[in-house]
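Beneath this line is the structure, given in structure tokens, with notes to follow.
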Amino acid sequence: MSLHHPFVAALLAAAPLSPQDPEPARNQPSTLESSVVALRAALEEPNPNERARHVERMAGSDVPLEIWKEAIAEVSRPVKPERTGSWSEEWSLWDGAQVVQTWVHLYAPRNVPDSGLMPLVVGGGNNGSAVIGHHQGTSEEIGMMIVGVDPTEELFAFGGYGFTEAERQLQLSALREAKRRFPIDSNRVFHSGHSRGGHLTWDVGLRNPDQFAGLLPMTGGPRLTVQRGQNNMRLLENVAHISVRDLQGSLDDPLLLYNLRLSFEKLRDLGARDAQLIEFPHLGHVWSWEGVDWPQWFSETQREPLPVNVVRLTDRPGAARSFWLQIDSVNSRKVKASFKISVAASRWQTMDDNARRRYVASAAEERTARLSGRFVEPGQFEVEGEHVRSFSLLLSEEMLGQEEKIRVRWNGRRKARSIERDVRVLLGDFVERIDPTFLPVVQISVR
């Protein structure tokens, strides 16, 4: 929807109310209609920088927060897909630096669930259409949407998964666009891919742990190497709450198998809720669908949008969020995405391959920031962190309590912050995530 649409122009050009002007009724139709139009215009923008500008204009329009909640409810109403079956089209997606035209392959089931909301599988690899081939049967059985994303020509030319921000951002942008275009259940989103796409599934899931209910990688795994910021094995605790089904031939690359087995050993030690490595002894870089009731897994696996306990790990500066908890800054002297292994040669020579790899894994974990938070009761939170300088709590109404203060116990120190509901928090979060199941209205920053 263009910003020149009359509803949008009326909203953005509206002057602030003078003290003599009557306050508009909260359910005034023209206000709600123009708010819906402005919100849709923001949602349609593929560039997050432009979306942020939309949010600033909307937040400065004097429309009350409750009206914006009604507008969110309106744009979130499920509308049955106009097409069914498979087709391909170009989408404008964000790659972390620019908007690029990207081919995506889609499959919409003929039967949409009674709720009107569909689970979604998104994924990629060398060819996004393979994601449809993998899950089309389950899609028809349970009413699930599928979106497979092709790599750009530049990324495809790399020849394998590059562990780059561009690859991750294209997946997240496609996920966001699918939620904008189709009636997607935000609590039943899955990521899946094979080979290059299997590495991608692990990397996207480990670095965006609150976006998915389940991960289904095939013949791909977490990374141990500490060069070029590729190590993501250090982030395994991020996905301990996520259901994982990893399908892998036991005759595949020995280093991949080692990384996978070590990763699932670590997940077990972390108390992972439902993580399974399913190996096929006589297969190599392939897998079998046997042994899992896939319609049941996709049907019953759900994300909890407001968990009591949240953990977030990161290996780099900048915001790193999981649910209502966000790392804002880290100790850059301690946290390193890439580093050189430093160990005495005499000690290194006494280690076998297993000991050396575990030493590398431990060294990466020592250079990783960790933040854990507990939602004690409305208005009260406990947070502990290592190598974290500052963080934020993003809180919905049900998390605020009756007092006008939020009380946080941060590494044993008690802090209190005043509550200020902010339209920017509500709109900024929804425009980026398109998730009506969790709508924060307050952001509390703590150092």
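Observations on the structure shown:
- Label assignment, Cα extents along the principal axes in Å derived from the structure, set (1) 81, 53, 38; (2) 212, 41, 27; (3) 82, 56, 38: (3)
- Sites matching chymotrypsin sites (Phe, Trp or Tyr not before Pro) across the stretch 272-307 that sit in DSSP coil, with at most 14 neighbouring C-beta atoms within 10 Å: Trp289
- Low-density loop positions, trypsin sites (Lys or Arg not before Pro), the stretch 310-411 - DSSP coil, at most 11 other Cβ in 10 Å: Arg333, Lys340
- Remark: the Arg409-Val286 segment gains 39.4 nm on full extension, using 0.36 nm per residue and subtracting the alpha carbon distance.
- 3J(HN,Hα) couplings calculated from phi for the stretch 398-414 with the Karplus curve 6.51 cos²θ - 1.76 cosθ + 1.60 (θ = phi - 60°) are, in sequence order, 5, 9, 8, x, 8, 6, 9, 9, 10, 10, 10, 9, 10, 6, x, 9, 8 Hz; Gly and Pro show x.
- Under DSSP loop assignment and at most 12 Cβ neighbours within 10 Å, longest GluC sites (Glu not before Pro)-free interval of the chain: 83-289
- Separation of alpha-carbon centers, the stretch 269-320 and the stretch 39-77, rounded to whole Å: 33 Å
- Sequence of His282, His191, His241 once ranked by neighbouring C-beta atoms within 10 Å, starting from the fewest: His282, His241, His191
- Backbone phi angles across the stretch 355-366, fed through the Karplus curve with coefficients 6.51, -1.76 and 1.60 (θ = phi - 60°), yield HN-Hα couplings of 5, 5, 5, 5, 5, 4, 4, 5, 4, 5, 4, 5 Hz in residue order; Gly and Pro are listed as x.
Values in this text are rule-based calculations from the coordinates and carry no lab data. Since the structure is predicted, the reported quantities are computational estimates derived from the model, not experimental observations. Backbone-built Cβ (ideal geometry, glycine too); neighbour counts: all protein chains shown.
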